[in-house]
Amino acid sequence: MRPVRIPQDRVGVAIGAEGQTKAMLQRMCGMRIDIDKEGNVMVHDEAKDADPLLALKVCDVIRAIGRGFSPERACRLFKDDEYLEVIDLKQVIGTKTNQLNRVRGRLIGTDGKTRRIIEDLTGVHMTVYGNTVALIGDSVSLPVAKEAVEMIINGSEHATVYHFLESQRPRLRISELGFDL
């Protein structure tokens, strides 16, 4: 049994309308999933033919849903070479509410522009939820997006971050073609 904890306000998303999301996850992984209203999720992987890697992947999918991703985007984690990265803003910048709000605003940008640019240039999905920033991407694009997020958190100007992302585009394109770097 693998326990996962998600915020209470994301329990409804994890279950889905009439239990559809939970049922879809159970079908995809072949394991029973229990979700209570407090946000405790149990993935039952006791069956002798249960794939331990698949159990870890479904836990990451549930964790991603808890961090603000839609179930469709979170299911990207079932693919090979797709990973979830969660950055806790409180650990990086402290607990001052005005600082957290300022950094969250900088990460999202006006009308979501900054988040959209990071996603478009790297192919990574990004959410800013509560005091965390979560990223879903492959082994090449995820570090680039994480670096861009860290630059913004550390106070770099948006133009500097956008130039950094543009400079990484050739590397990302090569990896999309399937060549190892």
Here the qualifying pairs (Cβ atoms under 6 Å; residues six or more apart or on different chains; first in the stretch 36-65 and in the same structural domain as residue 87 (by TED's automatic domain parsing); second surrounded by 19 or more Cβ atoms within 10 Å (Cβ to Cβ)) come out as none
Scan the stretch 98-113 and tell me whether some residue there is surrounded by 17 or more Cβ atoms within 10 Å (Cβ to Cβ) and of a type in the set (Asp, Glu).
no
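Tell me the residue from 144, 86 that is in contact with a strand residue (DSSP E or B) (Cβ under 9 Å, 6 or more places away or on another chain), of a type in the set (A, V, I, L, M, F, W, C) and within 30 Å of residue 2 (Cα to Cα), please.
Every option except 86 fails the conditions.
The values are calculated or read from the model by the stated rules, or taken from the named source; none is laboratory data. In this text, all values refer to a predicted model and were calculated from it rather than measured experimentally. Glycine gets a Cβ as well: all are built from the backbone with ideal geometry, and neighbour counts include every protein chain shown.
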